[in-house]
Amino acid sequence: MNLKNIFLTVFFSYSFILSAAKKDKELQTIDREYEENIKTVLLYPSSLTVLDSALITDAIIPPIMPLNDSRQLLLSFDELGSTTKNYYVRILNCNSDWTLSNLNAILFMTDYDEFQIMDRQTSYSTRVPYIHYKFNVPKPKISGNFLIMVYRDGDDQDLILTRRFMIYETNIITITPAIKFPVNNSLRNTGQQADFTLAYNSSIQNPADNITVVLRQNYNWYNAIYGLKPLYMRDEISTFDYTLFNNENVFKGVNEFRFFDLRSLKSNGMNVASIVQSPNKNDVILEYDKSRNKSAYGTYSDIDGFYAPEQYETKGYETEPDYAKVSFTLDMKQEDAPAGRIFVMGALTDWSLNSNFEMKWDPDNKFFRCTVLIKQGYYNYRYVVLPKEGSAIDDTILEGNSSQTENFYDWIVYYRGPGGMYDRIVGYKATDYLANH
């Protein structure tokens with residue numbers, strides 16, 4: 001083969017690899033990391049919140065804020081390694097269904113539509129080196145759904161991560177929730193019914209056609225309820241009543257989230273079985289988990305599936321916590337396992353089915369296990385089952401299902417009036433299930 005042919009072979013091989021890599025980075029309007037070495041992505045309002053006496057964090061607050069709030073959202077993430085990179089941020093407007101809108105950035109951003117991340121810090125005394133990036137997200141000047149996209153060296157095709165957030169208007173829609181046991185007696189021990197009313201002001205035109213409501217449990221999108229229609233529309237008092245009777249607004253109660261405390265690598269925290277440290281890594285095995293499907297409901301406090309990075313000894317949560325290879329173990333015989341694939345799921349997986357968190361059968365040790373690299377902190381999680389490809393996730397098969405479970409619910413009300421160019425969020429409400437009992 002002559003030199004020219006060798007060059008062409010190498011060139012086309014490289015072009016094929018590059019094309020495949022870019023295809024894997026096609027923009028998706030979801031929370032996602034597009035590279036394996038991007039870890040611990042957080043987006044939350046930047047003000048100090050005390051969760052308990054030992055854990056101080058904002059990380060468990062979802063990225064949804066009033067339009068008139070003076071705070072900004074803080075985006076942070078780690079990149080494994082010791083070399084800093086040039087990353088840029090762009091903010092996109094989305095419709096109520098999270099498809100990209102046609103709205104130009106000049107109509108919803110006060111500043112430029114591209115920003116460089118300048119706050120970059122190297123991890124401190126960690127066995128696993130990483131660079132910690134922080135960015136204060138400029139606030140849009142309108143309400144609605146928004147997507148943050150982060151990319152390398154100004155090339156918006158070279159995506160690193162995407163994150164959703166929402167901005168809502170106040171004093172337009174009043175939402176009155178009524179979380180209760182389901183009307184259907186067969187679901188009374190397992191379900192939670194989310195009734196509510198909407199009262200709107202005179203600025204809302206033709207509300208029956210122009211209002212869309214989304215109802216979520218624990219701020220999740222994977223089991224969100226869309227397209228609810230009110231039972232009653234009382235135009236004389238500008239109110240919609242969503243007291244429903246056909247289970248269309250009933251959620252599974254599921255169970256409190258499992259948890260582990262990895263804030264220290266010097267002693268075993270709650271539900272940590274062992275820690276082994278070597279010069280370049282940390283290996284952690286969690287206590288073995290069992291199915292809770294037939295167990296009695298146990299009451300304990302959780303953080304609704306979220307996690308909070310922290311290093312216990314210094315109370316640092318940015319550059320002091322180390323990374324560890326954490327092993328989740330499901331102690332279950334293969335013949336007792338549910339049909340389908342089993343995954344660890346929670347905020348640590350972006351509330352999605354992440355192949356790195358799939359539980360695999362270990363024939364030598366006779367259990368299911370997955371091992372993933374995780375930053376020190378306090379974590380919630382649960383086991384979910386995908387019965388077959390394309391089916392809905394089942395989060396009750398291994399966790400159980402109880403109407404007594406404490407869950408958070410929130411309502412998002414979208415509105416696009418006559419001639420409107422984008423979907424506004426004109427109402428928002430969040431409430432704790434137990435607070436209503």
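The values are calculated or read from the model by the stated rules, or taken from the named source; none is laboratory data. Since the structure is predicted, the reported quantities are computational estimates derived from the model, not experimental observations. Don't worry about glycine lacking a Cβ; one is built from the backbone with ideal geometry, like all the others, and counts go over all protein chains shown. Accessible surface is based on the protein model in full, side chains and every heavy atom, while ligands, DNA and RNA are left aside. Shrake-Rupley method; radii C 1.70, N 1.55, O 1.52, S 1.80 Å.
Residues in the stretch 221-251 that are closer than 19 Å to SER403 by Cβ and of a type in the set (Phe, Trp, Tyr) were compared, and the one that is most open to solvent (accessible area, probe 1.4 Å) is PHE245.
Counting the residues of the stretch 61-96 that are more than 21 Å from the chain's Cα centre (by Cα) and not in a strand (DSSP E or B) gives 10.
Restricting to the stretch 314-329, give me the number of residues that are in contact with a Ser or Thr (Cβ under 8 Å, 6 or more places away or on another chain), part of a strand (DSSP E or B) and of a type outside the set (Gly, Ala, Ser).
4
Of all residues in the stretch 228-276, those satisfying the criterion of being closer than 30 Å to GLU313 by Cβ and touching a Lys or Arg at 6+ places or on another chain (Cβ under 7 Å) are PHE257, ARG258, GLY269.
Scanning the stretch 347-367 for residues that are open to solvent by 20 Å² or more (accessible area, probe 1.4 Å), in a strand (DSSP E or B) and among the aromatic types (Phe, Trp, Tyr) yields one hit, TRP361. Within the stretch 347-372, residues that are closer than 24 Å to THR162 by Cβ have Cβ atoms under 7 Å from residues that are among the small types (Gly, Ala, Ser) and open to solvent by less than 40 Å² (accessible area, probe 1.4 Å) in these pairs: ALA347/GLY305, counting only partners at least 6 apart in sequence or on another chain. Whenever a residue of the stretch 176-193 is free of Cβ contacts under 8 Å to residues at least 60 places away in the same chain, its partners that are of a type in the set (Lys, Arg) and assigned to a strand (DSSP E or B), lying with C-beta atoms within less than 6 angstrom and at least six residues away or across chains, give the pairs GLN193/LYS180.
Tallying residues that are open to solvent by 10 Å² or more (accessible area, probe 1.4 Å), of a type outside the set (S, T, N, Q) and assigned to a loop (DSSP other than H, G, I, E, B) within the stretch 399-426 yields 9.
Residues that are touching a Ser or Thr at 6+ places or on another chain (Cβ under 6 Å) and among the acidic types (Asp, Glu) within the stretch 149-178 comprise just one, GLU169.
Of the listed requirements (1) open to solvent by less than 30 Å² (accessible area, probe 1.4 Å); (2) of a type in the set (Val, Ile, Thr); (3) in contact with a Ser or Thr (Cβ under 8 Å, 6 or more places away or on another chain); (4) farther than 23 Å from LEU398 by Cα, VAL254 misses just one: (4).
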